[in-house]
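Novice: Have a look at this one before I ask anything.
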Amino acid sequence: MTQKYVRDIRNILYMWDRYGYNVAYGKFFQKYKEEKGHVKKGNPDLINVIDGKLMYLKMVKGVDDPVYIRLYAKFQKLANKDAISEKTNSKGVTYLETIGITEFEKKNSTTVTFAISEKGKHYAYFMLNDKKMLVTVNKTLTIEEEQNKEVLAISSCRGKDEKPFWLIHRKDKVMVPPPPAIDVDELNAELDSLLNTLQDG
């Protein structure tokens, strides 16, 4: 068990706690893709990957190891915070985090693009570390609303089958409180520092 392995878990939990699920997922996805060299069909689930890493840590170090106990408690706090019933609608969709699209684009250095499938279905996508991430668009949105990102929000969600997905909807349909406001320059400096630490370790 290397210190880098533990530090990777600690850093992603820190980003999740400090900057929210969406930013943590963006940074996690980048690192995951670099480590694996490719991403199979579908996208990796941050919660499942961290849980798996923690189970491996427990297997190697033991259930009574203080590092494992501390990291697992932090993970449970974050995962349970995102799974509370007030964030789940009548269709079983849990809204993990919701932010405005323009803020999402800034935080993740990407652009959300709207499109229409061959079957006439509206959807959106954005690039995350050279991978096209598909986004469901709420079917009540008008074309005019799709063209005005200022009135739209994007949510990271989980379906009743526990599969993660992205959803774009009107800002006034926010299901969860937004994450605390942060300074984007401060975020980038801190994330660069963490990523440099990961690469050096």
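The values are calculated or read from the model by the stated rules, or taken from the named source; none is laboratory data. As the structure is a prediction and not an experimental result, all values here were calculated from the model. Cβ placement follows ideal geometry from the backbone for every residue including glycine, while neighbour counts extend to all protein chains displayed.
Novice: Quick test for you: out of Gly26, Gly37, pick the one residue that is at pLDDT below 80, of a type outside the set (Ser, Thr, Tyr) and either in the same structural domain as Ser155 (by TED's automatic domain parsing) or touching a strand residue (DSSP E or B) at 6+ places or on another chain (Cβ under 9 Å) (or both).
Specialist: Gly26
Novice: Can you give me the number of residues within the range 101-118 that are surrounded by 14 or more Cβ atoms within 10 Å (Cβ to Cβ) and out of contact with any Asp or Glu (no Cβ under 7 Å at 6 or more places or on another chain)?
Specialist: 8
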